[in-house]
Structure formats: C-alpha cells, structure tokens
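Heads up, the thing below is written out as structure tokens.
Here, each number is a calculation from the coordinates, and none is a lab measurement. Keep in mind that what you see is a predicted model, and the values were worked out from it rather than measured. Note that each Cβ is placed from the backbone with ideal geometry, even for glycine, and that neighbours are counted across all protein chains shown.
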Amino acid sequence: MAAIGAKRLAVIGAGMVGVCAASWLQRDGHSVFLIEASAPGRGASLGNAGCFNGSSVTPVAMPGVIRNVPRWLFDPLGPLSLRWSYLPAIAPWLLRFARAGTPEKVRAQARALRPLVGPSLEALKPLVSAAGAEHLVHRLGHLYVYRSAAGPEKDRLAWDLRRENGVQVEEFDADELRQLEPALSRDFVRGLLVRENGHTSDPLALVERLVEHFLRSGGELVHAEARGFRLESRRLAAIDTSAGELPADAAIVCGGAYSKPLAAVLGDKVPLETERGYHLMVRDPEVMPHIPTADADGKFVATPMDTGLRFAGTVELAGLAAPPDWRRARILLELGRRMLPGLAASYPQERISVWMGHRPSLPDSLPVIGPSRATPDVIYAFGHGHVGMTAAPMTGKLVTDLVAGRRPAIDIAPFTARRFA
C-alpha cells in the first residue's frame with residue numbers, strides 16, 4: 001500500500017545519481033519509474049575511477065590552474081586536451097571557469113561540497129545493504145603520491161581546503177610509502193592518505209545491483225529518451241519522451257551531461273559542459289595497488305577492481321558529439337607503468353580495454369540541485385563533475401526531502417540553477 005502523500009515520480013537518468021535518487025524516493029513510499037534511453041549505469045557511472053571520496057572538496061578551478069592549461073595542452077602526456085575546433089563553443093564556459101577560481105570562491109565551493117560528499121558511504125550503506133551489494137563497496141582509504149618532498153606544498157591550498165573542512169590526512173615519507181604500497185615506483189617519495197575514503201570494485205555491477213533491487217521493490221524502468229515536460233498551471237502533468245507522454249506528479253532530472261536541454265525547456269540556462277574522461281583497464285595485472293592511488297602530478301587514479309586494474313583520468317574538451325580519441329586512453333597505460341613499474345612492457349589486446357565517457361561539469365565544480373524555474377515539480381540533480389559517484393547517495397536523499405516538502409538535510413542554496421542567471 002502506498003504511503004500517505006505518496007506520489008508517482010519520474011527519475012530521468014539511470015546512472016549512479018539517478019539510481020540513488022530513485023532508491024531513496026522509493027524508500028520514502030513513492031511509486032517511482034526510471035527513464036533511461038540506454039542500459040542503466042552505462043554512462044559516466046560505468047567508467048569512472050570508482051571512488052567514494054568524502055574528501056573531494058577541492059574544485060577543479062583552483063587558483064593558478066588556468067596558468068597550467070597551455071603547458072598541459074602541449075604535453076602529449078598531459079592531463080588536459082582540447083579539440084581546437086571546439087574552442088569557440090566552450091570559450092564562454094572557460095571564462096566562467098577562470099572566474100570561479102579565486103581563493104574566496106574556492107573556499108566557499110569547498111564548504112558547500114563537504115556536506116554533500118562527506119557522508120557518502122553512510123548515505124549509501126542502507127541502499128547497498130538492501131541490494132545485497134556490500135561486497136562491492138570498500139572503505140580502505142585513498143592515497144595521493146608525489147615524486148618530490150615539495151610536491152604537497154605545490155598543492156597546499158587543496159590540502160588546506162580538505163583539512164579546513166574536517167578531512168583527516170596522514171603523511172608518509174618514502175620508506176613508509178614503500179611499506180604501504182610496495183608496488184609503487186621508487187620515484188614516489190611522499191604520500192598522503194585519507195582513510196575516510198572508499199571505493200567500489202565494480203561501478204557497473206554496483207549500479208546494476210541497486211537497479212535490480214529497485215525493480216524487485218516495485219520500481220519501473222522505461223527505456224526512452226526524455227525530451228521535455230507538459231505543465232498545467234505550473235504543475236507537472238507528464239514527461240514528453242520518445243515512448244510518448246508519461247504522467248507523473250514530479251520529476252527528477254539526473255541526466256548527467258545530457259541534462260542541459262531539459263533545463264533549457266524549463267527556462268534555466270545552465271552552462272553545463274562535458275569533460276570527456278577516459279579509462280584503461282588491464283586484465284590480470286602483474287601488480288596492483290591495494291587501495292585507489294592518485295598520481296598527484298599526472299592527475300590520474302589507479303583503482304584495484306574485480307575485473308582488473310583501472311587507470312582513470314585526463315580531461316578532453318570536445319563536446320558530446322566528437323568521436324573518442326583513443327590515444328587519450330593509451331596515455332594512461334604509459335603513465336600507469338611509470339607509477340607501477342612491475343606492469344608488463346606490453347599486453348595482448350585481449351587484456352586491455354578502453355572507455356570514454358562524459359563527466360557533466362559546471363565551471364564552479366558544484367552540481368545543480370533544486371527546483372526548476374518553471375515548476376517546483378521538476379527538480380534538478382545533475383552536473384556533479386568529478387564527484388558523481390561520491391555525491392550520488394546524498395543527492396538522492398536531498399531530492400527525496402524536496403519532493404516530500406521537508407527541509408533538506410544540508411544547505412542546497414549553493415547548488416541552485418539560478419546562480420548562473
């Protein structure tokens with residue numbers, strides 16, 4: 001029997017954010033259906049580094065980052081690439097990105113992010129437990145490694161932001177680092193460990209388990225593309241999809257990098273871009289770190305997974321339509337060998353797999369969470385950038401509070417779409 005006040009709700013997008021939102025809404029007593037054009041979890045959720053980092057409070061647009069862009073662009077192993085033909089389209093976003101990187105602004109952004117990402121594992125725990133997916137989530141920490149003792153000093157503001165927001169950090173010298181992760185290159189002489197962080201050993205399997213439980217509990221999955229909304233006197237009547245109109249009392253937009261046109265039809269012009277990310281997997285690797293390990297200089301992460309060793313990272317600015325540049329994935333293997341010299345000099349094709357996906361990114365590194373301009377019945381939950389997996393559980397709880405008319409558990413004012421007006 002439906003709970004008193006229960007509604008029929010649509011969640012647009014079946015990635016990690018959408019599935020967490022659907023699960024929390026269902027637990028609150030609502031009748032929920034997911035709208036997803038492809039298979040659940042096959043977008044950015046599939047290919048990321050798999051980390052649940054409550055310490056991820058540092059915006060991408062840190063002070064000084066913009067000065068590094070030319071050097072990165074001309075470094076074939078650099079963490080950033082740009083399709084020059086796309087520059088005119090992304091220039092306004094880049095301008096906003098540069099303006100977001102002042103010391104005052106990044107401190108405000110970090111304060112806003114911490115309550116969203118900090119409780120990630122606790123907010124995920126009930127969903128994982130109900131779905132029987134505990135074996136896919138691990139709380140072993142996250143290690144950041146540097147090739148010089150002065151390396152952390154170059155990232156001093158980032159580490160200060162973490163500590164200012166309650167993140168506990170342990171520091172390791174070269175000998176201690178070797179004991180912690182023997183497979184690491186001896187080039188690394190300093191490590192910083194954040195024990196509160198966790199990861200999933202199979203991001204796709206985790207999303208699929210959550211979806212399976214959602215469906216067993218009475219949820220629905222509609223394979224369709226959401227195109228717009230039919231409003232009647234500022235109230236939602238139905239979602240317009242490729243499968244026809246689907247009646248709903250409220251809708252949550254969790255479409256990741258594809259959310260921009262849905263917000264636009266509701267009158268919200270959101271500067272959403274895609275940071276195209278790549279990963280490379282090595283099946284049956286000779287060595288693997290015990291915990292997710294980030295090369296702080298190379299800007300990539302090595303994550304041990306059930307299906308092998310995943311190297312994930314780099315950013316490519318080229319929009320949603322351009323074909324993948326698989327050189328960006330192959331770069332990760334070369335960087336990975338520098339981190340883990342015990343890896344083989346070459347691999348047969350059947351032991352390597354590559355992937356490209358679209359991080360939904362906003363210039364200030366904050367997602368959009370909250371009601372649309374046109375109606376309170378359509379709630380946004382997209383644009384999480386590099387913290388989609390981490391922020392998904394709390395985002396699901398926040399939109400559930402909004403649907404129920406409860407005060408959200410944290411302050412969501414920094415995440416309003418109207419900040420871009």
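Annotations for the structure displayed:
- Checking the stated criteria, Glu334 turns out not to satisfy the condition of being crowded, with 17+ Cβ neighbours inside 10 Å and among the charged types (D, E, K, R).
- Residue match in segment 145-163 (condition: over 18 Å from the mean Cα position of the chain (by Cα), assigned to a strand (DSSP E or B) and under 17 Å from Ser55 (Cβ atoms)): yes
- Every residue from segment 343-377 that is assigned to a loop (DSSP other than H, G, I, E, B) and closer than 14 Å to Val17 by Cα: Pro367
- Wholly enclosed helices (runs of 4 or more DSSP H) of segment 34-100 bearing at least 2 residues within 18 Å of Ala257 (Cβ to Cβ): 44-47, 87-99
Okay, residues lined up against (1) among the small types (Gly, Ala, Ser); (2) part of a loop (DSSP other than H, G, I, E, B); (3) surrounded by 20 or more Cβ atoms within 10 Å (Cβ to Cβ):
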| residue | (1), (2), (3) |
| --- | --- |
| Glu212 | no, no, no |
| Phe229 | no, no, yes |
| Asp240 | no, no, no |
| Ile252 | no, no, yes |
| Gly267 | yes, yes, no |
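- The set of residues in segment 337-367 being among the acidic types (Asp, Glu) and surrounded by 15 or more Cβ atoms within 10 Å (Cβ to Cβ) consists of Asp364 alone.
- Residue ID - farthest from the chain's Cα centre (by Cα), chosen from residues in segment 378-421 that are outside any helix (DSSP H, G or I) and buried (at least 21 other Cβ atoms within 10 Å of the Cβ): Val378
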